[in-house]
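Laboratory data are not the source of any read-out in this text; all were calculated from the coordinates shown. The shown structure was predicted, so the numbers you read here are calculated from the model rather than taken from an experiment. As a convention, Cβ positions derive from the backbone with ideal geometry for all residues, glycine included, and neighbour counts pool all protein chains shown.
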Amino acid sequence: MMKDPWWQRFIPHSSFSQTVVLIGCLLLTNQIVSYISVAVYFIKPSYQQINQLIARQIKLLFIDGVEVGREHLSMVDALNAKVRGDDGIKIYSQKQAREAGVNKATYYSYFSSQMSEYLGGPAEVRIAQGAEFQIWIRPPQAPSIWVKVPLHDISEQNLSPLTLYLMVIGALSVAGGWWFARKQNSPLKRLQTSALAVSRGEFPKALPLTGSSELIAVTKAFNQMSYSMEQLEQDKALLMAGISHDLRTPLTRIRLASEMINDRDEYLKEGIAHDIEDMDAIINQFIDYIRQDQSSCHEMAQLNDIIEDIANSESNRNSVIEVELVQLPMIPMQIVAIKRVISNFVENAFRYGNGWVKISSQFDGQHVGFCVEDDGPGIDESQIPKLFEPFIQGDSARGSIGSGLGLAIVRRIIDRHQGKIILSNRQEGGLHAQIWLPLE
């Protein structure tokens, strides 16, 4: 069997998680496209316009030339005097610019190339974002100076509403998608739970018809199927109960008639009594198979106590019974039903074995278990899967006593406990029956 690729382990498998991931991917794509669209068609043109306006202002500084006279000691002083009152524009020398924080501003190649195009030469643009949005330009007309243009109406806080808007819309969309997927998948979850209950022989109430039209149609069909199966089980129970009741009357008459047989035919009397007891036991098995102990409720119990009770009750047999127990936690179970399971395996071990039976308990951290072993001839491996079917008794190696319902009843009981049964042949000879029950 080929193994699945490693990347498939990260792909969600349930319909709910797949729906959530699909909606999340669609929303993420939508958010990215929206952000890029706003940046390209709104923010970018705005910055281009601002860049162009700043370039025009810088051109005006140098359009008439810069005269350095007695009143101005340097070009920086002359330019500052020229732009005095122009809404905070200020000229710096290289040293003054470093002291004012030009090195902390971020260089933008896109704006620099654009500014170079506007000013007709290589220019450098840096942007500082803080309490005030500042643009630093080194013009090609005077590469030894820096021009700082503050933008009072633009700051990084002004861009946060867009980011906040996208984040809120994304969060609400994901929450809405999660709610939608949960609403769509909740009927499927109820359907799964009810289907598992029906498989254990339980018949829950009709499921509500909610969800999409396809889910409503499937739920309606499941409700009809569950109702039909419940009616079938009730009819079968009624039929078997009626047959069992009707058979007991003639059996009672036969038993009374056998008591009138002469002592000379004592062997015939004993044979009839033995046959009546076998027929009565078979009838009881039919009734047990139909009832399935559904009236019993689960309660916390210790499996070791049940094993010890059965071992003590079987100790008067002319056979050897060994008990090997480990410390077990208490688990919820139908005590009478589990006791019947252990008794059935022990009875079969004595019946088909050679006088040795071992009962042991196990605990693997998640399951509590017990096993029953015998030293008989075992059974053909191909026959083991068929042993739990009704009216199947196995091959001749295990005999042909009874109605073939014992292991079928055992399987139903273990299935209702959500456990599992493993039958195998022992290397030393005989059969090994292993049962595991979950902690919860």
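Modelled label positions at Gln192 and Leu247, each set 7 Å beyond Cα in the direction of Cβ, lie 4.2 nm from each other. Distance between the modelled labels on Gln94 and Val174, one decimal in nanometres: 4.9 nm (7 Å Cα→Cβ projection). For the pair Tyr107 and Lys59, a Förster radius of 25 Å applied to the C-beta separation gives a FRET efficiency near 0.70, rounded to the nearest 0.05.
Between Val218 and Ile261, how high is the FRET efficiency from 1/(1 + (r/R0)^6) when r is the Cβ-Cβ distance and R₀ = 60 Å? Nearest 0.05.
So, using R0 = 60 Å, E works out to roughly 0.40.
For Tyr227, the shell of other residues with beta-carbons less than 14 Å away shows a net charge of -2, using +1 for Lys and Arg and -1 for Asp and Glu.
Distance between the pseudo-spin-label points of Asn354 and Arg317 (7 Å out from Cα toward the beta carbon): 1.6 nm.
3J(HN,Hα) along the range 109-121: 5, 5, 5, 5, 5, 5, 5, 4, 5, 5, 8, x, x Hz, from the Karplus curve 6.51 cos²θ - 1.76 cosθ + 1.60 with θ = phi - 60°, whole Hz, x for Gly and Pro.
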